[in-house]
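Participant: Pasting a structure here, questions to come.
The values are calculated or read from the model by the stated rules, or taken from the named source; none is laboratory data. Please read all numbers here as calculations on a predicted model, not as lab measurements. Heads up, the Cβs are rebuilt from the backbone with ideal geometry, glycines too, and the neighbour counts pull from every protein chain shown. Quick note on the areas: whole protein, heavy atoms, side chains included, nothing else; ligands and nucleic acids left out. Shrake-Rupley method; radii C 1.70, N 1.55, O 1.52, S 1.80 Å.
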Amino acid sequence: FLTFYRLFHQCRKTFAPLNLSDYEAIGRCEQEVPEYFNFASDVLDKWSQIEKEPSNPALWWINGKGGERKWSFEELGFESRKVANVLSGPCGLQRGDRIIVILPRIPEWWLLNTACMRTGVVFIPGTTQLTAKDICYRLLASKAKCIVTIDALAPAVDSVASQCQFLKTKLIVSESRRAEWLNFSDLLKAAPAVHNCVKTRSQDPMTIYFTSGTTGFPKMVEHSYGSFGLGFFICGRYWMNLTPSDVVWSMSDTGWIKAAIGNVFGPWFQGTCAFVHAMPQFDPKVILNTLCRYPVTTLCSAPTVYRMLVQHDLTRYTFKTLKHCLSGGEPVNPEVMEQWKSQTGLNIYEGYGQTEIGMICGNMKGMKIKPGSLGKAAPPYDVQIIDEKGSVLPPGEEGDIAIKIDAKRPFTFFTRYVDDPVKTASTIRGNFYITGDRGSMDEDGYIWFMGRSDDVIISSGYRIGPFEVESALIEHPAVVESAVVSSPDAIRGEVVKAFVVLSPSFKTHDRKKLACELQDHVKKVTAPYKYPRKIEFVEQLPKTITGKIKRSELRNKEWGQI
Ligand code: BCO
């Protein structure tokens with residue numbers, strides 16, 4: 001059937017306009033966003049009809065143990081149409097339904113992502129570090145009808161499934177069968193190959209990310225077909241500097257927007273190969289050896305990864321084809337850029353953005369890099385530094401990093417925090433969207449990051465809400481109360497630090513052992529990346545007159561500002 005299918009597509013190749021200059025004009029807001037847009041049918045299927053030279057695959061996946069899969073755009077189309085039929089057939093999903101996909105870096109994640117676009121099912125990715133409690137919260141908050149995961153996480157899902165009244169279907173990606181779960185590969189084998197992609201409006205919801213804030217549990221950031229698909233064109237072309245002959249390796253976990261930028265929309269808009277290493281455990285040597293063995297031209301990673309890589313003697317490695325390096329998710333220090341450059345000859349081009357708004361600043365290829373700066377505003381954004389009244393500040397003055405929105409929101413913005421209009425509205429001050437980050441702009445328009453204006457912790461590129469960690473800690477009998485703040489760290493930029501007040505019966509316990517016990521406890525209750533890497537036991541916490549914990553006082557002490 002595949003041979004027939006290929007022949008059929010071969011015949012269609014000449015009728016395949018993919019007008020990238022239109023998408024560029026839309027990305028720059030020089031052309032209206034089309035009423036209808038679907039990345040699968042308007043971009044991926046168009047690439048599959050174009051004779052590309054060189055014929056790089058669309059997806060190149062390896063697992064480091066000999067496992068490898070390479071799919072052309074055509075094969076990606078073929079497989080993802082079958083997955084679309086799995087979703088709308090046996091999984092019983094309809095357009096607008098929501099699906100939670102918690103998968104490691106395996107090819108099925110890319111198929112499901114694409115299949116959701118084809119069916120109009122709203123894709124909600126999650127990191128595999130999520131615990132049963134995190135999963136339960138996400139299932140209830142999103143009202144997802146289906147969840148997809150692997151063997152390792154199926155017991156966690158089963159342990160909470162009975163509490164999740166909206167959940168109808170569990171789909172497992174596994175070699176073995178599990179009771180009450182549909183098996184992905186069984187269904188894929190039986191699925192028909194023909195599927196008509198739904199026609200989606202640019203404003204239709206496409207994906208939801210759970211993202212942490214200062215208060216409460218993670219909020220649902222909703223993106224549309226326009227904001228997500230069209231929104232990443234400029235980023236892929238100018239920041240990532242991608243062409244059809246490039247091979248980009250973006251290391252992000254599949255649960256974060258960075259995976260969408262670096263592994264899906266950024267590369268695939270430009271016809272570029274997305275290279276993926278399964279890498280279940282982070283290992284700098286594996287990264288360095290992979291760069292020596294595979295023709296990766298573009299590397300995209302969190303600064304923490306670069307910090308870990310420069311601990312090694314990089315001159316011992318000869319990277320096969322690497323020519324462009326990118327970082328994002330947290331600030332990269334000038335020293336690390338310097339070390340990377342002196343050992344590899346390559347610059348690191350920093351990009352800055354958020355789950356809500358994609359990439360808003362960047363060091364585009366060819367631009368002068370000012371180490372330590374986030375670069376300049378990226379089209380279509382007008383980024384400014386403003387004061388608390390919403391007035392633009394002059395160069396050099398510290399204020400809120402904000403985006404001018406004028407009459408209408410940039411089309412690249414998230415549509416809303418689902419079920420939270422108050423929170424959605426709170427991001428706007430006058431004519432500006434407030435990022436929650438503080439910074440300044442220099443005379444040349446470069447933005448300099450200073451820190452968060454709230455209590456959110458950015459550690460190793462993760463956005464961590466202190467409330468989530470404090471809520472996990474309080475579940476331990478030793479903890480009376482705690483305050484969680486950021487603390488400086490040479491490798492991770494900042495780490496989570498918990499100030500803990502112990503209950504009387506635990507005061508005589510071995511503090512070192514107790515700290516480890518609390519760390520393990522947090523890793524079990526919530527996603528382990530949030531665990532407090534530093535713990536200090538205190539008699540009491542600083543509080544306001546109304547009893548509110550003064551996290552800022554503790555944070556300032558950590559960062560030496562008191
Ligand atoms: O460091 P530890 O060993 O003490 O702890 C680690 C893990 O060992 C532990 N853990 C993981 N799974 C566990 C577990 N413990 C118990 N049970 C389990 N099942 O938890 C800790 C997790 O920390 P980690 O994820 O930082 O691990 P690691 O191996 O040090 O990874 C380093 C990085 C740099 C690869 C990782 O931190 C990372 O991927 N960071 C980047 C995050 C990212 O992509 N952020 C971008 C978000 S999108 C965005 O910012 C918008 C931009 C437009």
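Participant: Looking at Val485, Val480 in this structure, which one is farther than 23 Å from Glu397 by Cα, surrounded by fewer than 18 Cβ atoms within 10 Å (Cβ to Cβ) and in contact (Cβ under 8 Å) with a residue 12 or more places away in the chain? I'd like the intermediate steps shown before the answer.
Facilitator: Numbers: Val485 fails: surrounded by fewer than 18 Cβ atoms within 10 Å (Cβ to Cβ).
Result of the check over Val485, Val480: Val480.
Participant: On the given criteria, is Pro379 within 16 Å of the ligand (Cβ to nearest atom), open to solvent by 10 Å² or more (accessible area, probe 1.4 Å) and assigned to a loop (DSSP other than H, G, I, E, B)?
Facilitator: yes
Conditions (1) in a helix (DSSP H, G or I); (2) away from the ligand (no atom under 11 Å from the Cβ); (3) at pLDDT 95 or above, marked per residue:
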{"position": "Phe265", "(1), (2), (3)": "yes, yes, yes"}
{"position": "Trp268", "(1), (2), (3)": "yes, yes, yes"}
{"position": "Ala274", "(1), (2), (3)": "no, yes, yes"}
{"position": "Cys300", "(1), (2), (3)": "no, no, yes"}
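Participant: Out of the residues in the stretch 507-542 meeting the condition of being assigned to a strand (DSSP E or B) and more than 16 Å from the ligand (Cβ to nearest atom), tell me which one is surrounded by the most Cβ atoms within 10 Å (Cβ to Cβ).
Facilitator: The extreme case among them is Phe537.
Participant: Going residue by residue through the stretch 342-355, is there one that turns out to be over 29 Å from Pro218 (Cα atoms), within 16 Å of the ligand (Cβ to nearest atom), modelled with pLDDT under 95 and open to solvent by less than 40 Å² (accessible area, probe 1.4 Å)?
Facilitator: No, the stretch 342-355 contains no residue that is over 29 Å from Pro218 (Cα atoms), within 16 Å of the ligand (Cβ to nearest atom), modelled with pLDDT under 95 and open to solvent by less than 40 Å² (accessible area, probe 1.4 Å).
Participant: Using the structure shown, decide if Ile545 is open to solvent by 30 Å² or more (accessible area, probe 1.4 Å), within 16 Å of the ligand (Cβ to nearest atom) and not in a helix (DSSP H, G or I). Step through it out loud before you land on a result.
Facilitator: Values: open to solvent by 30 Å² or more (accessible area, probe 1.4 Å): yes; within 16 Å of the ligand (Cβ to nearest atom): no; not in a helix (DSSP H, G or I): yes.
Taking the combined requirement at face value, the residue does not satisfy it.
Participant: Exactly one of (1) within 16 Å of the ligand (Cβ to nearest atom); (2) in contact (Cβ under 8 Å) with a residue 24 or more places away in the chain; (3) in a helix (DSSP H, G or I) is unmet by Ile458. Its number?
Facilitator: (3)
Participant: Can you confirm whether Thr304 is within 13 Å of the ligand (Cβ to nearest atom), in a helix (DSSP H, G or I) and either small (Gly, Ala, Ser) or surrounded by 17 or more Cβ atoms within 10 Å (Cβ to Cβ) (or both)?
Facilitator: For Thr304, the condition - within 13 Å of the ligand (Cβ to nearest atom), in a helix (DSSP H, G or I) and either small (Gly, Ala, Ser) or surrounded by 17 or more Cβ atoms within 10 Å (Cβ to Cβ) (or both) - is met.
Participant: Mind checking which residues of the stretch 205-258 are of a type in the set (A, V, I, L, M, F, W, C) and in a loop (DSSP other than H, G, I, E, B)?
Facilitator: Phe217, Met240, Leu242, Met251, Trp256
Participant: Looking only at the stretch 318-333, which residues are open to solvent by less than 50 Å² (accessible area, probe 1.4 Å) and either within 23 Å of Gly358 (Cβ to Cβ) or at pLDDT 95 or above (or both)?
Facilitator: Selection gives Phe319, Leu322, His324, Cys325, Leu326, Ser327, Gly328, Gly329, Glu330, Val332.
Participant: Taking only the stretch 333-358 into account, find how many residues are β-branched (Val, Ile, Thr) and in contact (Cβ under 8 Å) with a residue 40 or more places away in the chain.
Facilitator: 3
Participant: From the set of residues in the stretch 488-506 that are among the β-branched types (Val, Ile, Thr) and within 16 Å of the ligand (Cβ to nearest atom), which is surrounded by the fewest Cβ atoms within 10 Å (Cβ to Cβ)?
Facilitator: The initial filter retains those residues of the stretch 488-506 that are among the β-branched types (Val, Ile, Thr), namely 491, 495-496, 500-501.
Still in the list and also within 16 Å of the ligand (Cβ to nearest atom): 491, 495-496.
Working: Ile491: 12, Val495: 19, Val496: 26.
Here the residue is Ile491.
Participant: May I pose another question? Are there any pairs, at least 6 apart or on different chains, whose C-beta atoms fall under 9 Å, with the first in the stretch 539-562 and among the small types (Gly, Ala, Ser) and the second not in a loop (DSSP other than H, G, I, E, B), and if so, which?
Facilitator: As it stands, the answer is Ser552/Val485; Gly560/Pro488, since those pairs meet every condition given.
Participant: Whether any residue in the stretch 126-138 is open to solvent by less than 10 Å² (accessible area, probe 1.4 Å), under 21 Å from Phe210 (Cβ atoms), at pLDDT 95 or above and polar (S, T, N, Q) is what I want to check.
Facilitator: yes
Participant: Given the conditions (1) part of a helix (DSSP H, G or I); (2) over 24 Å from Val33 (Cβ atoms); (3) away from the ligand (no atom under 16 Å from the Cβ), and given that Arg438 satisfies all but one, which numbered condition is not satisfied?
Facilitator: Of (1) part of a helix (DSSP H, G or I); (2) over 24 Å from Val33 (Cβ atoms); (3) away from the ligand (no atom under 16 Å from the Cβ), only one is false for Arg438: (1).
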